[in-house]
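The structure appears right after this line, and notes come after that.
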């Protein structure tokens, strides 16, 4: 399954960008992002992206070469490991009962450039019966 | 009390506080529309407790933009100590009219993308989304910036004195910015949707969610 980089950023920035509208620095503990993760989940559900976001996060978490700082659309000078910690926390928070991620990540997943318009069109096609 | 143009002394003081002498002085050579935009922008920022004008208003100097990248401190509230807010991209609007116009466009973008007009100020339903972010592409250039040069991240002292990897030893100018990033959140104390971030977007890696028609 091809998953849009842009879609991931669209949702992830509700944590990595919006947090800094109300704070000057990162929280002492990653759990400080909780309310932002909750809003990311709400938005992903509303756009029908929650399943794709789960697969994307799982793929990212086992592929350290993916540049998550750029992906996150943050305007804060995060380090790569900090964004990965946020993604890990979001994954554990949103899907607390998820199976462990397979060593190679979910099979068949690729994270690629797909414009928001094209991604929305593909998602809409999937809902047509 | 108001002067002959209907501008109250309170508004003038607010203008001075928000834009610093440099910003107020610059208005002397601007159009009436730009002065009115500055007054309205200051009113909105004061109402919502925002920092956008402090950090991204057209009064912010190039040295201040670069200083934020190098030290992590933003040019907030010129009468007070600078505030810790490190960033990889320090940007400013070309004018207060652009600040206002692009802010309105952000609300338009959220309406187009999410189907909700936050200007109507309807509180979110229980369990509904309380925060929105939008990247808008505008018709023309709305600002400029300096960005931290890739590969030059350095340790700088944070407010506690601890060294953190949040600064840049070198910066590069970026002109011709056409995009803004805006975040709007529900404030239950103010009982309104308020803009908590509004800035020219220096990065081109964030795709526009909404293109101004």
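Rounded to the nearest 500 deg cm²/dmol, what is the calculated helix-only ellipticity per residue at 222 nm for chain B, with -39500 (n - 2.57) per DSSP H run of length n ≥ 4? Per the formula, -10500 deg cm²/dmol.
Roughly what angle does helix A:80-94 make with the longest principal axis of chain A, taking Cα atoms, 0 to 90 degrees, to the nearest 10? Value to nearest ten degrees: 70.
Normalising the average separation of contacting C-alpha pairs (under 8 angstrom, six or more residues apart) by the number of residues puts the relative contact order of region A:1-115 at 47 percent.
By the count of neighbouring beta-carbon atoms within 10 Å, fewest first, A:110, B:179, B:166, B:149 end up ordered A:110, B:149, B:179, B:166. Taking chain B as a Gaussian network of alpha-carbon nodes connected by springs under 10 Å, the highest mean-square fluctuation of the residues B:107, B:93, B:199 belongs to B:107.
Against chain A, whose longest principal axis comes from its Cα atoms, helix A:116-127 is set at around 50 degrees. Ordered by the count of other Cβ atoms within 10 Å of each Cβ, fewest first, B:15, A:17, B:190 give B:190, B:15, A:17.
Inter-chain neighbour count for B:81-91: the average number of beta-carbon atoms from partner chains within 10 Å of each residue's beta-carbon is 3. The protection proxy used here, the mean number of other Cβ atoms lying within 10 Å of each residue, ranks peptides A:8-14, A:94-100 as follows, highest first: A:8-14, A:94-100. Rounded to 0.05, the FRET efficiency of the residue B:141 and residue A:98 pair, given R0 = 35 Å and the Cβ-Cβ distance, is 0.15.
Mean separation of Cα pairs under 8 Å and 6 or more residues apart, divided by the residue count, gives region B:9-211 a relative contact order of 22 percent. Over the protein assembly as shown, the hull volume per residue, using the convex hull of the C-alpha atoms, is 155 Å³.
Look at the stretch A:22-29: the mean tally of other chain Cβ atoms within 10 Å of its residues' Cβ atoms is 4. Tell me whether region B:9-211 comes out rounded, prolate or oblate; compute the Cα gyration tensor, take square roots of the eigenvalues as a ≥ b ≥ c, and use a/c under 1.5 as the rounded threshold. Judged from the Cα gyration tensor, region B:9-211 comes out rounded (a/c under 1.5). According to the Kirkwood expression over distinct Cα-Cα pairs, how big is the hydrodynamic radius of region A:2-127, in Å? One decimal place: 14.8 Å for the Kirkwood radius.
Averaged over peptide B:40-47, the number of partner chain Cβ atoms lying within 10 Å of each residue's Cβ comes to 0. Each part gets one Cα centre, and for region B:101-121 versus region A:4-83 those centres are 22 Å apart.
FYI, it's all coordinate maths here, none of it is from the lab. No experiment lies behind these values; they were computed from the predicted model shown. Glycine gets a Cβ as well: all are built from the backbone with ideal geometry, and neighbour counts include every protein chain shown.
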